[in-house]
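Shown next, in structure tokens, is the structure this report addresses.
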Amino acid sequence: MGDPEWWQNAVIYQLYVRSFADSDGDGVGDIPGIVSRLDYLSWLGVDAIWCTPVTASSNHDHGYDVTHYRAIEPSLGTMEDFDRLIAEAESRGIRVLLDLVPNHTSIDHPWFTSPGTRRSYYVWADRPNNWVSSLHIPAWSYDEAEGSYYLHSYLPQQPDLNWWNDDVRAEFDDILAFWFDKGVAGFRIDACYVILKDRQLRDNPVARKGDHMWDLNRGQRPVHSAHQPEVHDVLRRWRAVADRYDPPRLLMGATWVPEPADLVAYYGKGDELQLPQYFQLLFSDFGADALRSCAETWLETLGPGDTPVWLASNHDLSRFPTRWCDGDDRKTRLALAMLLTLPGACVLFQGDEIGMEDTVIPVARLRDSAPWPRDASRTPMPWQRGHLGGFTTGEPWLPLGDTERNVADQMADPDSVLNETRRLIALKKRLTGPYRPLPAEDDHWRYRRGAVAVDLDFAGSAVCIDG
Ligand code: GLC
């Protein structure tokens, strides 16, 4: 695990912990479950796992509403389990990344319930402004006791912290150090572009024709509720904490920043995030021209030394084998080849490696409280055939999808999507050299990485890798 800049060519595997592997039969995936599948992840060849939040939570948003930043959520395991995960992963050369949720806490967090911190740690207004949350609901809720409105950029159960308060900044320095001291290799940082808000809480301008799709959907441009220049002060502060460690810890941001020219600022001068996520690719149409132009725009925007990170699925959005590929494995292989041969880091979401699709869930079984439930991409991992899929022995918290598509069968089949993903991951380790575009016929995207030439044929849904 020697290379301090291991993340530059890394495959990071995102685990939706509740749906990965359940060790105790309560239907909820847990930390011992992850440990039990580390051999699989090692076989697959991933460099790191990023676990969605494992800290104590009220579970209105399954971990993204934290009640204690230094305690493990009891339904996921104990601190001993977590220490064991770090040790067992390390012995297989796998690093562990956690999810840091700095924009908001749970409404049940002691900072929100204690009179001493409640007012100064959160964002309050006597009269709400026009901001709407990322979930497209009003961003303010009235608090009877306080006689005032508190801000929530997400659910009402997730009050936003006041990042203008230096005490809040100091709290998070300590939280980062606590987990880094435990051997955590870094964080994926949730909603980090949102944490600071306009001090005067001015209204956002309404979205106009020509504005980015994300703003049109929300009906306003988040000029005052996100993307404040001072967010970069906080990112530099976190990076300084990460850089105190040997090896330096990784900060990967969930950065929904529409313009590449603005997103690139999240690298700072090499002193902010090492890996701001580029979501534009994920929203591209599935075709050679669209994807090529989207990827090349980003590559051309990057400064020297900036490492891109590519991803196509996550726990908030439809899985790419459904969204892009209509369940056609040839297209899924094409997408995987693209993700794993572009230069930089790649994040695979659990199940991507077998071409797992979204699952249609009966309304009564939905568990997400967001206005558009995100459960379809969060269903449990199908490890083997059968209605419990080897995920649990109990009643799964979300129903499993199609277990005909499962890990065990695909491991046994050399021609499966899974074995193809494994070969692509091994290939990625050999790929050196920058991205060099090559001329290509219609609906092909061709490029070179050193001695290796990649031909992505979108017309014929075929991949040719030479060299
Ligand atoms: C991020 C997470 C999402 C969560 C939200 C609020 O977008 O990925 O799952 O609901 O932040 O924390």
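The values are calculated or read from the model by the stated rules, or taken from the named source; none is laboratory data. Here the structure is a predicted model, which is why all the values come from computation and not from measurement. Methodologically, a virtual Cβ is constructed for each residue, glycine included, from the backbone with ideal geometry; neighbour enumeration extends over all protein chains shown. SASA here: full protein model, heavy atoms, side chains in, ligands and nucleic acids out. Shrake-Rupley method; radii C 1.70, N 1.55, O 1.52, S 1.80 Å.
In the chain, excluding the sites themselves, the longest stretch lacking any of the trypsin sites (Lys or Arg not before Pro) that are in a DSSP loop with at most 15 other Cβ atoms within 10 Å is 270-366. Solvent-accessible surface (1.4 Å probe) assigned to residue 359 amounts to roughly 20 Å².
When only alpha carbons are used to place a centre, region 155-234 and region 7-48 end up 28 Å from one another. What the chain shows is 38 Å² of accessible area per residue, with the surface traced by a 1.4 Å probe over protein heavy atoms.
On average, how much area does the Cα convex hull of region 147-191 cover when viewed from any direction, in nm²?
Details: hull surface 17.5 nm².
Average projection, Cα convex hull of region 147-191: 4.4 nm².
Computed about its Cα centre, the charge dipole of region 243-343 is approximately 340 debye, with only Lys, Arg, Asp and Glu carrying charge at their Cβ. Paramagnetic label reach from residue 40 (point 7 Å along Cα→Cβ; backbone nitrogen cut-off under 13 Å): within region 377-395, residues 380-386, 388-393. Mind checking which of 141, 242, 165 is farthest towards the positive end of region 132-273's charge dipole, using Cβ charges of +1 (Lys, Arg) and -1 (Asp, Glu) about the Cα centre? Sorting the options by dipole projection puts first 242.
Measuring nothing but how far apart in sequence close Cα pairs (under 8 Å, 6+ apart) lie, relative to its length, region 329-435 scores a relative contact order of 31 percent.
Here region 325-467 is treated as a Stokes sphere of Kirkwood radius computed over C-alpha pairs; at 25 °C and 0.890 mPa s its diffusion coefficient rounds to 145 µm²/s. For region 364-467, the dipole from Cβ point charges (+1 on Lys and Arg, -1 on Asp and Glu) about the Cα centre works out to 640 debye, to the nearest 20. Karplus-based coupling profile of region 187-199, in residue order and whole Hz: 10, 8, 9, 6, 6, 6, 6, 9, 4, 9, 10, 3, 4, with θ = phi - 60° in 6.51 cos²θ - 1.76 cosθ + 1.60 and x standing for Gly or Pro.
Out of every Cα pair in region 159-284, what percent are spaced more than 18 Å from each other? Distances greater than 18 Å cover 56 percent of the Cα pairs.
Please compute the contact order of region 186-251 in relative form: average sequence separation of alpha-carbon pairs under 8 Å and at least six residues apart, divided by the residue count, as a percent. Each step should come with its number before you reach the end.
Working: 68 pairs, mean separation 26.9, N = 66.
It comes to 41 percent, rounded to a whole number.
Calculated [222 nm] ellipticity per residue, helices only, for the chain: -8000 deg cm²/dmol; basis is -39500 (n - 2.57) per DSSP H run with n ≥ 4, divided by all residues, nearest 500.
Rounded to two decimals, what is Rg over Rh for region 56-121 when you use alpha-carbon atoms and the Kirkwood radius? Walk me through the intermediate numbers first.
On the way: Rg = 14.4 Å, Rh = 13.3 Å.
Ratio of gyration radius to Kirkwood radius: 1.08.
Taken along its principal axes, the alpha carbon cloud of region 90-198 reaches lengths of 54, 31, 23 Å, longest axis first.
Kindly flag which residue pairs out of 331/428; 331/429; 209/269 have an alpha-carbon separation exceeding 26 Å in this structure.
209/269
Expressed as a fraction of 2.2 N^0.38 Å, the value expected for a compact globular protein of N residues, the C-alpha radius of gyration of region 414-467 is 1.19. Once Lys and Arg get +1 and Asp and Glu get -1 on their Cβ, which of 440, 194, 276 lies farthest toward the positive end of the dipole of the chain? Value computed over the given set: 440. Taking a label point 7 Å from the Cα of residue 233 along the Cα→Cβ vector, which residues of region 146-185 have an amide N closer than 17 Å to it? Flagged as within label range: 161-173. Dipole size of region 23-166 about its Cα centre, with +1 on Lys/Arg Cβ and -1 on Asp/Glu Cβ: approximately 340 debye, rounded to the nearest 20.
The percentage of C-alpha pairs in region 1-149 whose separation is greater than 20 Å is 57%. Using bins of 10 Å that start at zero, the share of Cα-Cα pairs per bin across region 396-445 amounts to 19, 26, 30, 20, 5, in whole %.
What FRET efficiency comes out for residue 88 versus residue 271 if R0 is 25 angstrom and r is the Cβ-Cβ distance? Round to the nearest 0.05.
With R0 = 25 Å, the Cβ-Cβ based efficiency is 0.15.
More than 32 angstrom separation, counting every C-alpha pair in the chain; what % is that?
On the way: 41535 of 108811 pairs.
Result for the distance tail: 38 percent.
Between residue 364 and residue 432, what is 0.36 nm times their sequence separation minus the Cα-Cα distance? Round to one decimal in nm. Intermediate values should be presented prior to the final figure.
Working: separation 68, 0.36 × 68 = 24.48 nm, distance 4.93 nm.
Fully extending the segment from residue 364 to residue 432 adds 19.6 nm.
Take the convex hull of the alpha carbons in region 1-62; its mean projected area over all directions comes to 5.3 nm². For the chain, the fraction of 1.4 Å probe accessible surface lying on carbon and sulfur atoms is 49 percent.
Projecting the Cα atoms of 109, 417, 35 onto the charge dipole of the chain (Cβ charges, centred on the Cα centre) puts 417 farthest toward the positive pole.
Give, in nm to one decimal, the length gained when the segment between residue 451 and residue 423 is fully stretched (0.36 nm per residue of separation minus the Cα-Cα distance).
Numbers: separation 28, 0.36 × 28 = 10.08 nm, distance 1.73 nm.
So the extension gain works out to 8.3 nm.
Which value in Å does the Kirkwood hydrodynamic radius of region 221-363 take, with 1/r averaged over all unlike C-alpha pairs and then inverted?
Working: mean 1/r = 0.0605 Å⁻¹.
With all distinct Cα pairs of region 221-363 included, I get 16.5 Å.
Which net charge results when you count Lys and Arg as +1 and Asp and Glu as -1 among the other residues whose beta-carbon is under 12 Å from that of residue 427? Please list the in-between numbers first.
Working: positive: 422, 423, 428, 429, 430, 449; negative: 420, 466.
Here the count lands on +4.
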